[in-house]
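The values are calculated or read from the model by the stated rules, or taken from the named source; none is laboratory data. As the structure is a prediction and not an experimental result, all values here were calculated from the model. Cβ coordinates were reconstructed from backbone atoms using ideal geometry, including for glycine residues, and neighbour counts include every protein chain displayed.
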Amino acid sequence: MAVTLRDFMSSGDVLTIEPSATLGDAARALRKRDVGAAVVVEGGAVVGIFTERDLLRAIADSRHPDVGQVQSYMTADPVTLPPDHSPSEAAQIMSERRFRHIPVMDGDELVGIVSIRDLMSAGLRIGSAEAHMGTDFP
C-alpha cells in the first residue's frame, strides 16, 4: 500500500478565511486554532493561502491589523495537491518553492492541508518502520 498525503495531512476542519478578513481577524484565528496557515476561500473556491509569514510581512509594512486585509498579503492561487500525492514529492515542492503549507484538494473540494511538519513526521515514521523491516528509507 503506497503512502500518500492522505496519511499525514490535517483534514476535517481546515481553517479557512475570506480574502476581505482583516489581518487582525486572521491572526486571532491562527492563534485560536494554533496553526500556521489558513486557506483563503471565496465563493467556495480556494483563492489563496495566508500564513504566519504573510502576517509578519504585513507587520513589517506597518499595516494596522484592523485595516489591512488578508487579500493584500496572501499567496494567490497557491500550489495544491491531491490527497493521493506522494509525501516525498510534496516535501520536495515545499523545499524548492520555499513554503511550509500546501492545501490538499480532491477535485474542487478542500479536504485538508499538509505542512512541512506533517511531512517530517511522515519521513520519521516511514524511516522507523522500514528500519525495523531491514530496508533503507529511499
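The set of residues from segment 59-76 being under 15 Å from the mean Cα position of the chain (by Cα) and either modelled with pLDDT under 95 or not small (Gly, Ala, Ser) (or both) comprises MET74, THR75. Considering the conditions (1) surrounded by fewer than 16 Cβ atoms within 10 Å (Cβ to Cβ); (2) touching a residue at least 60 places away in the same chain (Cβ under 8 Å); (3) within 17 Å of PHE99 (Cα to Cα), LEU5 is excluded by exactly one of them, (1). Flag: PHE99 matches the condition of being of a type in the set (Phe, Trp, Tyr) and modelled with pLDDT of 65 or more. What do you reckon, is VAL79 crowded, with 18+ Cβ neighbours inside 10 Å and at pLDDT 90 or above? Considered against the rule, which asks whether it is crowded, with 18+ Cβ neighbours inside 10 Å and at pLDDT 90 or above, VAL79 comes out as no.
Residues are listed down the side, and each one gets a yes or a no for (1) in contact with a Lys or Arg (Cβ under 8 Å, 6 or more places away or on another chain); (2) hydrophobic (A, V, I, L, M, F, W, C); (3) closer than 18 Å to GLU18 by Cβ:
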{"site": "GLY44", "(1), (2), (3)": "no, no, yes"}
{"site": "SER62", "(1), (2), (3)": "no, no, no"}
{"site": "GLY68", "(1), (2), (3)": "no, no, yes"}
{"site": "MET74", "(1), (2), (3)": "no, yes, yes"}
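If you go through segment 18-45 and pick out every residue that is within 24 Å of HIS85 (Cβ to Cβ), crowded, with 16+ Cβ neighbours inside 10 Å and more than 12 Å from the chain's Cα centre (by Cα), you end up with 1.
What about ASP13, is it touching a residue at least 12 places away in the same chain (Cβ under 8 Å) and assigned to a loop (DSSP other than H, G, I, E, B)?
On the way: touching a residue at least 12 places away in the same chain (Cβ under 8 Å): no; assigned to a loop (DSSP other than H, G, I, E, B): yes.
In short, no.
Scan segment 12-28 and give yes if some residue there is at pLDDT below 95 and either over 22 Å from LEU119 (Cα atoms) or not β-branched (Val, Ile, Thr) (or both), otherwise no. Yes, the conditions are met somewhere in segment 12-28. Residues in segment 35-62 that are in a helix (DSSP H, G or I) and not basic (Lys, Arg): GLU52, ASP54, LEU55, LEU56, ALA58, ILE59, ALA60. If you go through segment 106-123 and keep only what is exposed (fewer than 14 other Cβ atoms within 10 Å of the Cβ) and either at pLDDT 90 or above or part of a loop (DSSP other than H, G, I, E, B) (or both), you end up with ASP106, GLY107, ASP108, GLU109. The residues in segment 76-105 that are outside any loop (DSSP other than H, G, I, E, B) and in contact with a Lys or Arg (Cβ under 9 Å, 6 or more places away or on another chain) can be counted, and the count is 2. For segment 59-69, check the following and say yes or no: at least one residue is touching a strand residue (DSSP E or B) at 6+ places or on another chain (Cβ under 7 Å), under 17 Å from ARG100 (Cβ atoms) and not charged (D, E, K, R). Checking segment 59-69: not a single residue is touching a strand residue (DSSP E or B) at 6+ places or on another chain (Cβ under 7 Å), under 17 Å from ARG100 (Cβ atoms) and not charged (D, E, K, R).
Here GLN71 passes the criteria (1) in contact (Cβ under 8 Å) with a residue 40 or more places away in the chain; (2) not in a helix (DSSP H, G or I) except the one numbered (2).
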